[in-house]
Every structure is written in C-alpha cells, then in structure tokens.
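A short write-up of the structure that comes next.
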Amino acid sequence: MKKQSQLNVVLAGCGGISRNWLQAVENYPGLTIVGLVDLNRENALAVQQSFQLSQAYIGTDVGHVIEESGANIVFDCTVPEAHIHVTLEALKRGCHVLGEKPMADTMANARKMLAAAQQSGKLYAVMQNRQFLDGIVRFRQLLASQQIGALTTLNADFYLGAHFGGFRDQMEHVLLLDMAIHSFDQARYISGADPVSVYCHEWNPAGSWYQHDASAVAIFEMTNGIIFTYRGSWCAEGMNTTWECGWRAIGERGTALWDGGDDISGEVVTGTEGFIREQRLVELSDVPKLSHTGHAGVIHNFLDCVQHGKIPQTICTDNIKSLAMVHAAIESAATGKKVNIRY
C-alpha cells in the first residue's frame with residue numbers, strides 16, 4: 001500500500017460522537033479536516049464553529065464533499081444503516097476509511113464493504129476503542145504469559161441500569177446490537193480466538209424501561225476449544241459493572257480476573273495434594289502505558305498505518321468476525337437454536 005503523508009479528512013456524520021473523533025486529532029501533524037458531511041447542515045455548521053474549521057467544505061452528500069475538498073481519508077460517524085453508503089462512496093473515490101462501530105447493519109452489507117476495500121487497495125478499519133485501554137492490554141498480556149496455563153474459558157459480565165431515553169428505548173435487540181459488539185470484540189482480542197458457534201437467549205425483565213429485549217446470555221464456542229460466555233443487561237439497577245465488563249479467564253492451572261478498570265488479579269495452583277490445592281497469586285508484569293487510549297488510540301493507530309503503509313489493528317478483515325458474533329447471537333435468540341458463525 002502506498003504511504004500517505006498529507007492527511008486530508010472528511011468527517012461524515014456530525015452528531016455527538018464526532019466530537020470525540022475531532023478532539024483526538026486536533027493537533028495531529030499533517031492532518032486537516034477539509035470537509036464536514038451531515039444530512040442536517042446545521043449539525044455540520046455547529047461542528048465547524050465549535051472546532052474552528054472555517055476551511056472545511058460543508059455538504060450533505062459524502063461523495064460530493066470528497067470531490068470538492070480533495071480528501072484522501074473519511075471518518076464515518078454516521079448511523080449504522082448509513083455505513084455501507086459512506087464507505088463505498090469513500091473507497092470508490094480513493095479514500096481510506098475509519099468508521100464507527102458496528103461495521104455494518106447487516107452481514108451482507110459488511111461483506112460488500114470488505115470486498116470493496118480489498119478491491120480498492122485502501123484501508124478500511126472500524127472503531128473498536130476498547131482494544132486501546134491500558135487495562136485490557138495488561139490483562140491480555142497476563143493470559144499470553146501462560147501463567148494460568150492455556151485458556152479454556154472466558155466469562156464476561158455487563159450490568160448497567162442505563163437510562164438513555166430516545167431511540168434506544170424503542171430499539172430491537174438494543175443490548176446485542178448497540179453494545180455487545182464491544183464485549184464480543186474484547187473477547188476475541190483478549191483470547192486470541194475466533195468464533196465458531198453461539199447459543200443466545202434474549203429477554204426483557206420485569207421493570208425494564210425498554211420496549212424490547214434489553215438482557216441477554218450467550219455461550220460462544222471459539223477456536224482452540226475455548227468457551228466464551230456473556231451475561232449482560234442494560235436494565236440492571238445497582239452494583240453496576242464497568243462499561244468494559246467484568247472478566248474471568250480460566251486456564252488449565254489457574255484463574256485471572258479483570259474488573260474492566262484498573263484491578264487485575266489471579267491465582268495459580270502450586271500444590272499437588274488436597275481437596276482445594278495450594279495456590280499463589282499471579283505475577284503482574286509492568287506494561288508500558290499506551291500513548292493514546294480509547295477513540296484516540298484507534299484513530300492514531302489508523303493514521304499511523306495510513307502514513308507508513310501498515311495494517312491497522314482494527315482492520316475490517318478482522319473486525320467482521322466480531323460483527324458476525326452479534327448477528328449470529330441475534331439469530332440464535334430469534335430461533336432458539338445454536339447457530340454456526342459465518343463471516
């Protein structure tokens with residue numbers, strides 16, 4: 001892939017999340033926001049004023065704004081249903097693309113986007129900001145050290161009483177579609193394994209303020225014989241987990257825990273006798289802090305890859321596997337059957 005020095009960016013979708021993206025690149029060397037796209041011009045004008053982007057061309061059609069602005073990168077912060085249009089238009093016009101999660105609203109659209117990226121020779125990556133957290137990098141390294149032995153089981157708990165209001169209160173599969181993509185992608189990143197099949201049950205507990213199912217339990221079979229279980233709810237009041245889930249990793253010789261924040265711990269069996277064998281605490285190695293975390297981590301990784309001809313950590317060819325977990329879980333919940341995962 002040809003290296004790119006000058007970074008001329010069009011931002012498509014000027015809603016609230018776009019501000020996280022723009023803050024992450026305010027002082028990025030060689031980067032200029034050359035265009036802003038939104039179906040509502042007022043949204044684009046508000047972003048232009050807030051970030052002092054007087055030079056940015058404003059429009060409602062992403063293809064037109066790319067042509068008028070001379071962009072070579074598109075940041076896609078639109079709604080999931082619009083991702084296929086924005087991505088295909090950008091790739092067709094020779095732009096690299098970094099898009100918000102989820103990659104697409106359907107697997108069919110995701111496959112079209114992936115094929116277009118491969119044909120274009122341009123980079124297309126997805127915002128999976130939870131891969132760029134100091135805690136998850138440290139937890140992943142602990143498991144990779146094999147202190148607890150080969151990983152056999154990975155469990156994630158996600159429980160929040162989230163009162164969004166607005167469209168989420170009426171959204172079908174709200175937890176799986178809007179949130180679980182993060183947790184499923186984290187599971188792949190932590191374990192280094194890919195999904196094989198899933199059985200999922202969805203429901204809406206009594207007292208829920210959501211119109212549709214806001215709770216789910218899923219059991220994934222992964223490669224390397226690993227079982228990943230997910231328990232989650234967006235209408236669970238009290239004793240909330242972090243947004244990053246609470247994690248338990250079970251290996252052949254021990255167990256490690258991560259609370260989704262700063263707390264990582266574990267025990268390894270050292271004894272050979274007794275009903276409960278003697279154990280010791282795992283050793284946590286020093287891991288260098290990430291230079292950028294969250295959204296900024298993904299964006300900086302992507303831009304560095306554009307500039308130096310490398311492959312981003314959240315490239316579409318990998319991220320489609322996390323999206324497949326979401327849609328397979330929804331299919332399983334709808335049919336009541338185990339579903340083989342295809343991507």
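Rule-based calculations on the coordinates, nothing more; no lab input. The model shown is predicted, which means the values in this text are computed figures rather than measured ones. Neighbour counts are summed over all protein chains in view; Cβ atoms, including those assigned to glycine, are modelled from backbone coordinates with ideal geometry.
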Here the FRET efficiency for ALA115 versus THR152, based on Cβ atoms and R0 = 41 Å and rounded to 0.05, is 0.70
Checked segment 280-343 against the a/c 1.5 cut and the a/b vs b/c comparison, axes a ≥ b ≥ c from its Cα gyration tensor; verdict oblate
Given all pairs of distinct Cα atoms, segment 73-192 yields a Kirkwood Rh in Å of 16.4 Å
Given unit charges at Cβ for Lys, Arg (+) and Asp, Glu (-), the dipole magnitude of segment 1-81 about its Cα centre in debye, nearest 20, is 320 debye
Rounded to the nearest whole number, the Stokes-Einstein translational diffusion coefficient of segment 158-282 at 37 °C and 0.692 mPa s (Kirkwood radius, C-alpha pairs) in µm²/s is 202 µm²/s
Expressed to two decimals, segment 159-220 has a Cα Rg over Rh, using the Kirkwood radius, of 1.01
For the table LYS92/LYS321; LYS122/LYS289; LYS101/LYS338; LYS101/LYS310, the rows whose alpha-carbon distance is greater than 28 Å are LYS122/LYS289
Percent antiparallel among DSSP beta bridges confined to segment 1-80, rounded to 5, stands at 0 percent
Magnitude of the Cβ-charge dipole (Lys and Arg +1, Asp and Glu -1) of the chain about the Cα centre, nearest 20 debye, reported as 920 debye
Diffing segment 215-225: the Karplus 3J(HN,Hα) column from phi (6.51, -1.76, 1.60, θ = phi - 60°), in whole Hz with x for Gly and Pro, holds 9, 7, 10, 9, 10, 9, 8, 10, 5, 6, x
The simple spin-label model distance between VAL79 and THR272, using points 7 Å out along Cα→Cβ, in nm, is 6.4 nm
Per residue, the convex hull enclosing the alpha carbons of segment 21-101 has a volume in Å³ of 91 Å³
Taking only the alpha-carbon atoms of segment 220-343, the convex hull volume per residue, in cubic angstrom, is 205 Å³
Taking placed amide H atoms and a strict 5 Å upper bound, the residues 5 or more places from VAL282 or on another chain that come that close are GLY266, GLU267, VAL268
Checking rank on 86-93, 44-51, with mean other Cβ inside 10 Å and highest first, the result is 86-93, 44-51
Calc'd 3J(HN,Hα), segment 313-319, phi into Karplus 6.51 cos²θ - 1.76 cosθ + 1.60 (θ = phi - 60°), Hz, glycine/Pro = x, comes to 4, 10, 4, 4, 5, 8, 5
About its Cα centre, segment 82-212 carries a charge dipole, from +1 on Lys and Arg Cβ atoms and -1 on Asp and Glu Cβ atoms, whose size in debye to the nearest 20 is 560 debye
Length gained if GLU26 through TRP203 is fully extended, taking 0.36 nm per residue and subtracting the Cα-Cα distance, is 59.5 nm
For the chain, longest principal axis from Cα atoms; helix 83-92 axis from its Cα atoms; angle between them, nearest 10 degrees, is 60 degrees
For the chain, whose charge dipole is built from +1 on Lys and Arg Cβ atoms and -1 on Asp and Glu Cβ atoms, the candidate among GLY232, LEU175, SER191 with its Cα farthest towards the positive end is SER191
Percent antiparallel among DSSP beta bridges confined to the chain, rounded to 5, stands at 60 percent
